[in-house]
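What follows is calculated from the coordinates using simple rules that are stated; it is not laboratory data. None of these values were measured; they are calculated from a predicted model. Cβ coordinates were reconstructed from backbone atoms using ideal geometry, including for glycine residues, and neighbour counts include every protein chain displayed.
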Amino acid sequence: MEGSLQAKIMKRGKRSQASLEYLLVVALTFAIIVPTTYLFYSYSRESSQEITDAQVTRLGKSIVDTAETVFYSGEGSKTTLDISIPDKIGSVAIIDGREIVFNVTTNFGISEIVFFSPVNMSAAGSSCNANICSIPELASSGLKKLKIEVISKDTVKLEII
């Protein structure tokens, strides 16, 4: 009887050892998968923000460079830009005629990306208040056509068409 009791204890001990080993393997798997998933998610989020910043930078430089080119072509000159507006742009404004400011929503809040122009710029319509001209059409994402036109000997007008 004593031998069969020992056999039962040994059999039960082997099953508990197998269960414990199984639990350790599952725990180790989770210990590897969870941090890896978090790192991938954070990297993906950062990459998305960097892509938006690069798109806004390219957009701002394109607008400023084209405005300068059209301005130096003379009064009455105009051109149209096909532009792609990324998501997360809250607002766009021209300040003092020389700065175009994009307010971009990031994970850390709102960030301003500013481009300085050597030529005077203005927005079409009555969206100007004092020295700030708002361009609300540039705040919505998607493909847009931006007309850049010299309206006087010292000003270039930006207009979404």
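General remarks:
- Choice from Leu28, Leu81, Leu143 showing the highest fluctuation, given a GNM over the chain with Cα pairs closer than 10 Å: Leu28
- Electrostatic tally near Ile161: other residues with Cβ closer than 13 Å to its Cβ, Lys and Arg +1, Asp and Glu -1, net +1.
- Acute angle (nearest 10 degrees) that the helix 2-73 long axis makes with the longest principal axis of the chain, alpha-carbon atoms: 10 degrees
- Counted by neighbouring Cβ atoms within 10 Å, the residues Cys128, Cys133 run from fewest to most as Cys128, Cys133.
- Taking Asp65, Asp53 and counting other C-beta atoms within 10 Å, the order from fewest to most: Asp65, Asp53
- Length gained on full extension, Ser141 to Ser48, computed as 0.36 nm times the residue gap minus the Cα-Cα distance: 32.0 nm.
- Computed helical MRE - 222 nm, the chain, DSSP H runs ≥ 4 contributing -39500 (n - 2.57), nearest 500: -17000 deg cm²/dmol
- Between the range 51-67 and the range 126-161, the alpha-carbon centres lie 15 Å apart.
- Given [x] 1.06; [y] 1.00; [z] 2.02, the label whose value is Cα Rg over 2.2 N^0.38 Å derived from this model: [z]
- Given R0 = 35 Å, the distance between the Cβ atoms of Glu112 and Phe30 translates into a calculated FRET efficiency of 0.25.
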